[in-house]
Amino acid sequence: MSFDISWPEHNPIEIERKASPAVAQVASEIYRLDPSGEVFAAVLRDTLDQLYDGQRTGRWNFDQLFKTEKTHMGTLVEINLQREFRFPDGIVTDYHIAGIDVDCKYSMRMGGWELPPEVIGHVALLVHADDRTASWQAGLAQIEEQFLNQGKNRDSKKTLSKYGRSRIHWLWGGHRSMAPNLFIDLDPELRSRIFAAKAKRGTHHGQARVNELFRLVQGRVIRRAELATVAQQDDPMKRARDNQGARGDLRREGILVLGHKKTHSAIARGLGLPVPRIGEFVSVRIAPASPDQEDLTVEINGSTWRRARPEDPEITAPDLPK
């Protein structure tokens, strides 16, 4: 049996070998909703950030969570995927996709999905994400008794056998990447300096931490959740974009804090920086450019600027155009 479906990054022979008609039907609908997998990746990234709850707790690592919180990850993935893609409720499973009942299972450990008896005979959406490597995978499998290991836990749940795992149809070609976790990648010394920053006067330590974040982490996109984790205050975005916040404080050090506005995007692009999207920022220290230099340059308020080098003296940066 063959299936007339255009699936990206897939070998038709592999589709025919692994995919049951139900799997093929569900996969086709998921590809229609999310052709590249970018939406799926964003849901997983946001779900991890939601679980850390950095704005209230300052946490940024899965290992910092309590055991009960870790077990809640699967429920959040299931809920957030359903909200994003508007999957109807299943009859005996989590979702009803393209007329097929589908159960959603998440595991932090690759292959660790625990499958209850009621999922046998149905399609499972198997999801795995690892924040340490900023990677994820999602696949579909028709769950049959012969695909399961014989051992089971107290809830009568079983895991896929080696053969069962070979029957998974991996969506979007398998191994995928998501937005990385800044704090996992960051040098531990720099990370400690950011979270330890304190205001010289008053109690505005959250603003001091945000300033240190943009001072020490330049040329890299900082997401809203990362900013909130550092600020640990209400309206963390204001700590970055307001002229009484990081944007105003760091301008005196020659540092621009760029957001998603068109004028900001043009400056970021002109200086060879990643371009922030809504809810994101990127910082950069700049210096006046001279005609004999070959650096990337931008014009801001009638003057030409380039990215500063370590040896360049600090000079107040221009106001960002409105």
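Might you tell me the accessible area per residue for the chain, computed with a 1.4 Å probe and given in Å²?
Heavy-atom accessible area per residue stands at 52 Å².
Might you report the magnitude of the Cβ-based charge dipole of the chain about its Cα centre, with Lys and Arg at +1 and Asp and Glu at -1, to the nearest 20 debye?
Around 940 debye, computed over the chain.
Round to a whole number: what % of the accessible area of the stretch 217-291 belongs to carbon and sulfur, probe 1.4 Å?
Its accessible area is 48 percent carbon and sulfur atoms.
Rounded to the nearest 20 debye, what is the charge dipole size of the stretch 171-284 about its Cα centre when +1 sits on each Lys and Arg Cβ and -1 on each Asp and Glu Cβ?
The dipole magnitude comes to about 300 debye.
Which value, in Å² rounded to 10, gives the accessible area of Leu227 with a 1.4 Å probe and all protein chains present?
0 Å²
Pick from Ala287, Ala141, Ala228: which residue has the top mean-square fluctuation in a GNM of the chain where Cα pairs under 10 Å get a spring?
Its mean-square fluctuation being the largest, the pick is Ala287.
Which FRET efficiency value, to the nearest 0.05, is calculated for Ser303 and Asp63 with the Förster distance at 56 angstrom and r the Cβ-Cβ distance?
Efficiency for this residue pair is about 0.75.
Expressed as cubic angstrom per residue, what is the convex hull volume of the alpha carbon set of the chain?
Spelled out: Cα convex hull of the chain, divided by residues, is 171 Å³.
Per DSSP helix of 4 or more residues, -39500 (n - 2.57); summed, then divided by the residues of the chain. What does that give at 222 nm, rounded to the nearest 500?
Computed mean residue ellipticity for the chain: -10500 deg cm²/dmol.
Dipole magnitude of the stretch 68-160 about its Cα centre, charges +1 at Lys/Arg Cβ and -1 at Asp/Glu Cβ only, in debye to the nearest 20?
Here the size comes out at about 280 debye.
Stretch Thr71-Ser290 to full length: gain in nm at 0.36 nm per residue minus the Cα-Cα span?
73.1 nm
Quick one: which residues, 5+ away or cross-chain, put their amide H under 5 Å from the amide H of Ser135? H built at 1.01 Å from N.
Answer set, sorted by chain and number: Asp130, Met178.
Could you pull out every residue, at least 5 positions away or on a different chain, whose amide H is within less than 5 Å of the one on Ile300? Hs are placed 1.01 Å off N in the peptide plane, and Pro or chain starts have none.
For Ile300, the qualifying residues are Trp305.
In nanometres, what is the gap between the two model label sites at His204 and Val92, each 7 Å from Cα along Cα-to-Cβ?
Spacing of the two 7 Å Cα→Cβ label points: 6.1 nm.
Using the Karplus equation 6.51 cos²θ - 1.76 cosθ + 1.60 (θ = phi - 60°), what ³J(HN,Hα) coupling, rounded to whole Hz, does each residue of the stretch 170-186 give in order, writing x for Gly and Pro?
7, 6, 6, x, x, 4, 10, 10, 10, 4, x, 8, 3, 6, 6, 6, 5
Determine, for each peptide in 29-40, 257-268, the mean count of other beta carbons within 10 angstrom over its residues, then list the peptides with the highest first.
Peptide ranking by packing, descending: 257-268, 29-40.
Residue by residue through the stretch 209-223, which ³J(HN,Hα) values in whole Hz follow from phi under the Karplus form 6.51 cos²θ - 1.76 cosθ + 1.60 (θ = phi - 60°), with glycine and proline marked x?
These are the phi-based 3J(HN,Hα) values: 5, 5, 4, 5, 4, 6, 6, 8, 10, 10, x, 9, 5, 10, 7 Hz.
Between Tyr163 and Val275, what length in nm is gained on full extension when 0.36 nm per residue of separation is reduced by their alpha carbon distance?
35.9 nm
For a protection proxy built on the mean count of beta-carbon atoms within 10 angstrom, sort 66-72, 19-25 highest first, please.
19-25, 66-72
So which of Lys67/Lys238; Lys70/Lys157; Lys198/Lys238; Lys70/Lys158; Lys200/Lys238; Lys70/Lys200 end up more than 26 Å apart, counting from Cα to Cα?
The pairs that break the limit, which is 26 Å between Cα atoms, are Lys67/Lys238; Lys70/Lys200.
Could you tell me what percent of the accessible area of the stretch 60-163 is made up of carbon and sulfur, with a 1.4 Å probe and every protein chain present?
Within the stretch 60-163, the accessible surface is 48 percent carbon and sulfur.
The values are calculated or read from the model by the stated rules, or taken from the named source; none is laboratory data. Being a predicted model, the structure only gives us computed values, none of them experimental. FYI the Cβ positions are ideal-geometry reconstructions off the backbone, even for glycines, and counts take in every protein chain you see. Each accessible area value is taken on the protein alone, full model and side chains, heavy atoms only, with ligands, DNA and RNA left out. Shrake-Rupley method; radii C 1.70, N 1.55, O 1.52, S 1.80 Å.
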